Structure formats: structure tokens, C-alpha cells
Amino acid sequence: MIVHLVDGTYELFRHFYGLRRFTKSDRPLGAVVGVLQSVLEMVEQGATHLGVATDHVIESFRNRLWAGYKTGDGIEPALWAQFHPLEDALAAMGVAVWPMTELEADDALASAAHIASQDERVQKVCIWTPDKDLAQCVKGVRVVQVDRKTKTIRDAAGVREKFGVDPALIADFLALVGDAADGYPGIDGIGAVGAARLLNRHGPIEAFPPEVLGERREQALLFKQLATLRSDVPLFDNVDQLRWPGPSGEFAAWTQRIDAPRLLERCLAAQAALQAASSGSIPR
């Protein structure tokens, strides 16, 4: 069994700007169609267990910790208007969806990966996002990060090759170098090479000798708190709940609303193929 966990917020952004780039238009729910197609392609290619995490709102508890943390300011109305329809459309398509409010989609992905990895039946967990935050969730070759854009699969060795530190130290690494996308600057004067050197020498920030960071230690620990993903969100009890059952009765109406009738045909064909594979004991 392979579990696929998808960053729905990233996918929505990717399809929104991709559609604009290639068609020069803002189809009202065009990005939603793109995400549905991407998820359905995964099913058509053999995925049986999957879930999608979304940011139902952009702000989270982290905004209370750091005033400069990312917000929804600047998100185009045409894009923002597709966030909630995406969640409803995915649910109608039969996909497990986790809309996050107090926490972020990244926290949902981290929690889902943790829950799924506890099940001995799960051979691999694939986290579909290029977000460097999620590198902290990678474990050996069993929990990996997949970057759809670059077609890169990053296991623990890949994380170390890219960042210079093991997955367990990614939150510390980001705390030191900062994350412009999330809105915190890191520690002045410490770049990627220097951060990796310090972490490989001393371990996590808490273990740094006092003289390494001096008065900046508390700020580094705050940034680490911002960078550390929550893995304790009770999203589901059993990976069986992530098995795609096929579309619900509401999906037909959704395909009409988004002007994508072929999606229903493809969903039903994929459902039939999955049922045939299950009844014939064909491993997928």
C-alpha cells in the first residue's frame, strides 16, 4: 500500500497561475478543474489511498507568534474564490480532504504522514509538495517528498544532499536561514552553508553552546517553533479511510458547474478499474 498526500493549496496556486500563463484567462473555477484532474490522474495511474490538505484560511496560530508571518494579504480575489469550492469538489469526487483553520495544510500533511507511517501495511508515504518545510517529515526511503514540477522524489539522502542536514534538523535549518515564503527572516549573518555546518557540529539549536548565538538564541528558537510542523492532528483513525471509493452522487453536479463533464466519465472508469482490480486480487 502506498499513501499519497497532496498539498492542495500549492496545487491550486500552481494551476491558477499556470492556466493564466498558458491561456491568458481567469476561468472562474479553472484552477479547481486543474487540481481535480491532477488528483484523478494519480488514481488513474494506480493510487488507491490518498488525501488532500488545504488552507481553509491562510492565517494560523503562527501569526500570533510572529507578526510578520504569512497572511492572505495579496492573494488575488479570483484565486481566493476557488479555495473553498476546491474542498467541496474534492470531497464530492470521493477524496479525503483536510481543510485547515487554526493550523496549516503543511501541519495536516505532516500529521497524515505520521499516522500513515505507523501502519505496517503501508509500504511508502509520498508527500506531494515542493515546500521545504515538509522535508522534516521524510524518513529514510519510506516517507518521501515528491516535487511534481521537477519530477524529483526526495528521500532522507536527498534531503541531506539538498540542504546539508538530515530531515530531523530541517526545522532548525529553516530557523537559522529563514523562510521568505512564510515571512520570517532567520538569523542575520547565517546562510545555508553556515547553518548546516553549525547543525552538523552541535545538533539542534537547543544544544548550541551559548556563545554560538548569544542574544539571538531566543529568536532562533522562536523561528524553529514557526518552522516545526505539527504531527499530532487526528485527521483519521486508519489508512483504510484514505482508500478512494469513487465519486459521490454530488459529483455529477460539480462537473456541470465547473464545465468539465469528462471528469465524471473518467472518475467512473477509474472506479470500475479499481473495483475490478480488487475483486481480481490484482495488487495496486
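The values are calculated or read from the model by the stated rules, or taken from the named source; none is laboratory data. In this text the structure is predicted, and so the values were computed from the model without any measurement. Positions of Cβ are backbone-derived with ideal geometry, glycine not excepted, and every protein chain shown enters the neighbour counts. Please note that ligands, DNA and RNA were not included when accessible areas were found on the heavy atoms of the full protein model with its side chains. Shrake-Rupley method; radii C 1.70, N 1.55, O 1.52, S 1.80 Å.
On the basis of being open to solvent by less than 80 Å² (accessible area, probe 1.4 Å), free of Cβ contacts under 8 Å to residues at least 24 places away in the same chain and in a helix (DSSP H, G or I), does L198 make the cut?
Judged against the criteria, L198 is a match.
Could you give every pair whose Cβ atoms fall below 8 Å, whose first residue belongs to region 160-172 and is in contact (Cβ under 8 Å) with a residue 24 or more places away in the chain, and whose second residue is of a type in the set (S, T, Y) and open to solvent by 10 Å² or more (accessible area, probe 1.4 Å), counting only separations of at least 6 or pairs across chains?
Taking only residues 6 or more apart or on different chains, the pairs are A171/T228.
V122 fails exactly one of the following numbered conditions: (1) farther than 23 Å from K70 by Cβ; (2) in contact (Cβ under 8 Å) with a residue 40 or more places away in the chain; (3) out of contact with any helix residue (DSSP H, G or I) (no Cβ under 8 Å at 6 or more places or on another chain); (4) of a type outside the set (S, T, Y). What is the number of that condition?
Among (1) farther than 23 Å from K70 by Cβ; (2) in contact (Cβ under 8 Å) with a residue 40 or more places away in the chain; (3) out of contact with any helix residue (DSSP H, G or I) (no Cβ under 8 Å at 6 or more places or on another chain); (4) of a type outside the set (S, T, Y), the lone unmet condition for V122 is (3).
Just give me the residues in region 112-149 being assigned to a helix (DSSP H, G or I), more than 19 Å from F173 (Cα to Cα), open to solvent by less than 50 Å² (accessible area, probe 1.4 Å) and not polar (S, T, N, Q), in sequence order.
A112, A113, I115, A116
Go through G30, G46 for me and flag whichever is buried (at least 17 other Cβ atoms within 10 Å of the Cβ) and either farther than 30 Å from L226 by Cα or under 15 Å from the mean Cα position of the chain (by Cα) (or both).
On the way: G46 fails: buried (at least 17 other Cβ atoms within 10 Å of the Cβ).
Of G30, G46, the one residue that is buried (at least 17 other Cβ atoms within 10 Å of the Cβ) and either farther than 30 Å from L226 by Cα or under 15 Å from the mean Cα position of the chain (by Cα) (or both) is G30.
Working only within region 174-195, note down all residues that are open to solvent by less than 30 Å² (accessible area, probe 1.4 Å), in a helix (DSSP H, G or I) and without any contact (Cβ under 8 Å) to a residue 40 or more places away in the chain.
The answer is G194, A195.
When residues of region 239-282 are filtered for being open to solvent by 60 Å² or more (accessible area, probe 1.4 Å), of a type outside the set (A, V, I, L, M, F, W, C), under 17 Å from V43 (Cα atoms) and in a loop (DSSP other than H, G, I, E, B), how many remain?
1
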